[in-house]
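Everything below concerns the one structure shown next.
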Amino acid sequence: MMSTYIKEINQQLAKALGSKNPNSLPKLKKVVINYRVSEGRDSKELLAAAEKELMAITGQKPRLATSKKSIAAFKLREGEPLAYKVTLRGTRMYDFIYKLFNIVLPRLRDFKGLPESSFDQEGNYSLTIHDQTYFSEIDLDVINKIRSVQVTMTISASSIEESKMLLSTLGFPFEKK
C-alpha cells in the first residue's frame, strides 16, 4: 500500500517539477514528535501516563529526553525528565502523516489551514497542536493534563517551494490567501 502511495506522489511531483530522475524529487525523511512533560520530575505516574498517551498516538515506544545541564532560573537540574520524543520513519511515518492531515487537523476548532511561515531554511516544517485530545487514540476519561504535541517533518528538498509542493501533494492543509 505504501509503495503505491509513494509512486503516485512521486508521479505528481515529477509532473509538477518537470524532473525525470526520481532521486531528485523531494522526499519525507522522518517525522519527529515531541511531547513535553514538565511536571515529570515531580510525579512518576504523570510520566507513565504521558508515555502511554504518546505510544497510543504514534504506535511506537517513546524515548525520554532529560536535561543535559542545570539551569537555576528554570529550577531545572541535570538529568531531570523534560519530554518524550518519537522519531517515525517508513510505514509508521506515512500512517501518522495521513492521520494527522485527514483526521486530526480538520478537528481543530476554527481551522483554516496551517501557515506557510513555519518552514525553516532547509525546508523542514514544524507545527504544534496545543491539545492532545484531538487524536482519537486518547481516552478522554484517563487523561490528567492537557499537553501540546510538537510535530517536525524533515524533508529532503533543495528549496522551501519544493517542500511546499511535497506537503501539498501529500494533502497538507495550507492557509488560503
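Of note:
- Only residues that are surrounded by 17 or more Cβ atoms within 10 Å (Cβ to Cβ), assigned to a loop (DSSP other than H, G, I, E, B) and in contact with an Asp or Glu (Cβ under 7 Å, 6 or more places away or on another chain) were counted across region 139-177, and they come to 0.
- Filter pass, Lys29 being basic (Lys, Arg) and touching a residue at least 24 places away in the same chain (Cβ under 8 Å): yes
- Only a single item in (1) modelled with pLDDT under 85; (2) in contact with a strand residue (DSSP E or B) (Cβ under 8 Å, 6 or more places away or on another chain); (3) among the aliphatic types (A, V, I, L, M) is not met by Leu100, and it is number (1).
- The number of residues in region 7-23 that are surrounded by 13 or more Cβ atoms within 10 Å (Cβ to Cβ) and free of Cβ contacts under 8 Å to residues at least 60 places away in the same chain comes to 5.
- Residue in region 107-125 that is surrounded by 12 or more Cβ atoms within 10 Å (Cβ to Cβ) and among the polar types (S, T, N, Q) present: yes
- Answer residue from region 127-138, given it is aliphatic (A, V, I, L, M) and assigned to a strand (DSSP E or B) and is surrounded by the fewest Cβ atoms within 10 Å (Cβ to Cβ) among those: Leu127
- Meets criteria (at pLDDT 90 or above and at positive phi) for Gly79: no
- Taking each residue of region 80-91 that is under 23 Å from Lys69 (Cα atoms) and looking for partners that are aromatic (Phe, Trp, Tyr) and assigned to a strand (DSSP E or B) with beta-carbon atoms closer than 7 Å, six or more apart or interchain, yields Ala83/Tyr35; Tyr84/Tyr35.
- Residues in region 124-138 that are among the hydrophobic types (A, V, I, L, M, F, W, C) and out of contact with any Asp or Glu (no Cβ under 8 Å at 6 or more places or on another chain): Leu127, Ile129, Phe135.
- Some residue of region 51-71 being of a type outside the set (Asp, Glu), modelled with pLDDT under 90, surrounded by fewer than 16 Cβ atoms within 10 Å (Cβ to Cβ) and on the phi > 0 side of the Ramachandran plot: no
- Within region 32-50, the residues that satisfy the criterion of being of a type in the set (S, T, N, Q) and either touching a residue at least 24 places away in the same chain (Cβ under 8 Å) or buried (at least 16 other Cβ atoms within 10 Å of the Cβ) (or both) are Asn34, Ser38.
- So Phe101, is it of a type in the set (A, V, I, L, M, F, W, C) and within 11 Å of the chain's Cα centre (by Cα): yes
- Going through (1) in contact with a strand residue (DSSP E or B) (Cβ under 6 Å, 6 or more places away or on another chain); (2) exposed (fewer than 13 other Cβ atoms within 10 Å of the Cβ); (3) of a type in the set (D, E, K, R) one by one, Lys75 falls short only on (1).
The values are calculated or read from the model by the stated rules, or taken from the named source; none is laboratory data. All values derive from a computational prediction rather than experimental measurement. Virtual Cβ from ideal backbone geometry, glycine too; neighbours counted across all protein chains shown.
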